[in-house]
1. Which distance in nm do the two modelled labels at K170 and H223 give, with both placed 7 Å along the Cα-to-Cβ direction?
2. When K25, K294 are ordered from fewest to most other Cβ atoms inside 10 Å of their Cβ, what list results?
3. Pairs K25/K189; K68/K153; K189/K219; K212/K283; K211/K294: which are spaced more than 20 Å apart, C-alpha to C-alpha?
4. How much length, in nm to one decimal, is gained on full extension between A104 and E56, taken as 0.36 nm per residue of separation minus their Cα-Cα distance?
5. Between L163 and T28, what is 0.36 nm times their sequence separation minus the Cα-Cα distance? Round to one decimal in nm.
6. As a footprinting exposure proxy, order Y154, Y93 by other Cβ within 10 Å, with the fewest listed first.
7. Once you keep just the Cα pairs under 8 angstrom separated by 6 or more residues, what percentage relative contact order results for the stretch 205-263?
8. Once you put a point 7 Å from the Cα of N244 and another 7 Å from the Cα of E202, both along the Cβ direction, what distance in nm separates them?
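Bear in mind that the values in this text are calculations on the coordinates, not laboratory data. What you see is a predicted model; the values in this text were computed from it and never measured. Glycine gets a Cβ as well: all are built from the backbone with ideal geometry, and neighbour counts include every protein chain shown.
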Amino acid sequence: MLQVAVSERPPFQYQNFLPEHAQFKVATVREGMCSLSAYNRRDFFKISLLTRGNSELFYANRAIVVDKPALVFTNRLVPYSWESRDNVDPEGYFCVFTEEFLQAGGRTDSLQESSLYKPGGDPIYFLQDDQVKYVEGIFARMRADVDSEYTYKYELLRNQLMLIIHEAVKMQPATGFYTLPNAAARLAKLFITLLENQFPVESPRHATVLKKANDYAGKLSVHVNHLNAAVQEVTGKTTTAHINERVLAEAKSLLIHTTWSVAEIAASLGFEYASYFNNFFKKHSGTTPLAFRKIL
């Protein structure tokens, strides 16, 4: 059965607004910095340009073969997984960025609701030869400009990033998803990944986005009953039980490691009122949040 692990961590601090140089990174897929682990946060979006390789992208209970040049749009709130279909190393570029980075250039709409990133959308856009040359040229310029000393380089990078986004928006994704024979196991794994991506909560000002089973099903583009059946079959527990256990674990960690008030913790975990959080905590732990904090 799948297990949800809760790791220990140091005391929390409020997270300041990220400086501009930390809101955008670009690299080739073969660079040592390729993983960009320091930026593996749920508020980052990712665009990958794959110019060489043969792999499969798995998304919920669907999969698609990527054996030709493509643009791939992913974010931390919609988990995907990749598997290589041969021994050929992939080539190309990718960049990660925050929504605030784009909004600093005047963009006001939300990427989460855009055709590129919204739940149920197709994340892969296959490219023709002329499009590969055009997009690869933009990535190459971004890769050079990000290390330059040009005073207005971030404005330039924003404009280049928007060119890539607009190029994709103009296209209709020609995807060929097929249903996986082991769909339940993959769907359950993606649910657990998506659940874990909600945590840790880094500031009372940034509440968790997904709260109920329906929210997770929406992100994974499946019916909630299908998600519940898959998770129950694979893990032996309901989707709601997993969510409640993880929220309770996070609540206990926040009570132990922070000085946030109960109201702040409640808000950060998506509870509309502190009283709702108190009732939830007492129901699942047998004590109130304040009593739990006092006995530590």
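1. 4.0 nm
2. Lowest count first: K294, K25.
3. Details: K25/K189 28 Å; K68/K153 31 Å; K189/K219 14 Å; K212/K283 17 Å; K211/K294 27 Å.
From the list (K25/K189; K68/K153; K189/K219; K212/K283; K211/K294), the Cα-Cα distance tops 20 Å for K25/K189; K68/K153; K211/K294.
4. On the way: separation 48, 0.36 × 48 = 17.28 nm, distance 3.47 nm.
Stretched fully, the A104-E56 segment lengthens by 13.8 nm.
5. Numbers: separation 135, 0.36 × 135 = 48.60 nm, distance 1.84 nm.
46.8 nm is the gain from fully extending L163 to T28.
6. Working: Y154 18, Y93 23.
So the ranking, lowest neighbour count to highest, is Y154, Y93.
7. Values: 26 pairs, mean separation 13.2, N = 59.
Across the stretch 205-263, relative contact order equals 22 percent.
8. My value for the distance between the label points is 3.0 nm.
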